[in-house]
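Any read-out appearing in this document is the output of simple, stated calculations on the displayed coordinates, not a laboratory observation. Quick caveat, the model's predicted, so the values are computed rather than measured. FYI the Cβ positions are ideal-geometry reconstructions off the backbone, even for glycines, and counts take in every protein chain you see.
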Amino acid sequence: MKPLSSLLDPKPRERGLAPRSNAPVLDRMFLHGIEVRGRHGVFDFERQAGQRFVIDVDWWLDTAGAVESDRLDATLCYKRLHDCVCEVVGGQPWSLIETLADRLIAALFEHFARIVTLQVTVHKPEAPIGGTFADVGITRLRDRP
């Protein structure tokens, strides 16, 4: 058996395998299960009566400054993120959950400059499908434009 040291590449940077020293290390934060009543859907009765939407948000950002300072203003306040999601979902109705997910991403990028990448999942557990199902939804993953 070869010794472990013989398996290690002594020059990973030359082969482009090591991270760039100036590249930020991104951390994933998340807030899942945000329940909001909205009026999104293709049918008039969906827009009139409204229904429950469940939103999951994952975001990537550099938290090094927050870790070093232990200060909330050096990271992202998930209370503010929660409020932004509730405002968008509870606001203007859209026909498609695809459009709703897109509007959520746009609003979150606009309000939170520290976010580098976002993943938003919109669940519509009461969708008028007419059959038994556990959930229906869409997940969109986007980098900051």
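How many nm is it between the label spots at Arg144 and Glu87, if each spot is 7 Å from the Cα in line with the beta carbon?
Taking the two extended label points, one gets 1.9 nm.
Would you mind counting up the charge near His32? Only other residues with Cβ under 9 Å from its Cβ, with Lys and Arg at +1 and Asp and Glu at -1.
-2
Can you compute the modelled spin-label distance between His32 and Ala74, with each label point 7 Å from Cα toward Cβ, in nm?
2.8
For Ile129 and Glu98 in the same chain, what is the full-extension length gain: residue separation times 0.36 nm, less their Cα-Cα distance, in nm?
Numbers: separation 31, 0.36 × 31 = 11.16 nm, distance 1.66 nm.
Full extension of this stretch gives 9.5 nm more.
What's the FRET efficiency of Val116 with Phe45 using the Cβ-Cβ distance as r and R₀ = 35 Å, to the nearest 0.05?
Efficiency computed from Cβ-Cβ geometry: 0.30.
Report the Cα centroid-to-centroid distance between segment 112-136 and segment 30-72 in angstrom, as an integer.
Between the Cα centre of segment 112-136 and that of segment 30-72, the gap is 9 Å.
Give me the net charge for the shell around Cys86: Cβ to Cβ below 12 angstrom, other residues only, Lys and Arg +1, Asp and Glu -1.
0
For a test of the definition: using alpha carbon positions, the gyration tensor, and the 1.5 limit on a/c, classify segment 98-145 as rounded, prolate or oblate.
prolate
For Asp102, what charge total do you get from the other residues with a beta carbon under 12 Å from its beta carbon, if Lys and Arg give +1 and Asp and Glu give -1? Kindly include the intermediate steps, with their values, before the conclusion.
On the way: positive: Arg103, Arg140, Arg142; negative: Glu98.
It works out to a net charge of +2.
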